[in-house]
Amino acid sequence: MGVSVWTFLRSKPGEIFPLAQRAMDDFLANTGRLPPDEESLVRFAQVIVNLENRRAVEILRIAFF
């Protein structure tokens, strides 16, 4: 069993896309850029899950930023 963090970029209402952890790390460290939405904002969701045999079995937390 382990824990994993998944990040999804919201490009516009109703659309989310998986985001590589490296891209998110670079964005948070101010060394990378993420594409803004139609309102010039970067919106993303972070999902933390429990894993068993590399499969998600439980959602621990969901946060929207």
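The values are calculated or read from the model by the stated rules, or taken from the named source; none is laboratory data. Here the structure is a predicted model, which means the values were calculated and not measured. All Cβ positions, glycine included, derive from the backbone under ideal geometry; neighbour counts span all protein chains shown.
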If the Cβ limit is 7 Å and pairs must be 6+ apart or interchain, which residue in region 20-45 that is farther than 15 Å from residue 8 by Cα pairs with which residue that is surrounded by 10 or more Cβ atoms within 10 Å (Cβ to Cβ) and modelled with pLDDT under 90? 38/12
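Which of the strands (runs of 3 or more DSSP E) found entirely inside the chain contain at least 3 residues meeting this: surrounded by 11 or more Cβ atoms within 10 Å (Cβ to Cβ), of a type outside the set (A, V, I, L, M, F, W, C) and within 12 Å of the chain's Cα centre (by Cα)?
Qualifying strands (runs of 3 or more DSSP E): 2-12.
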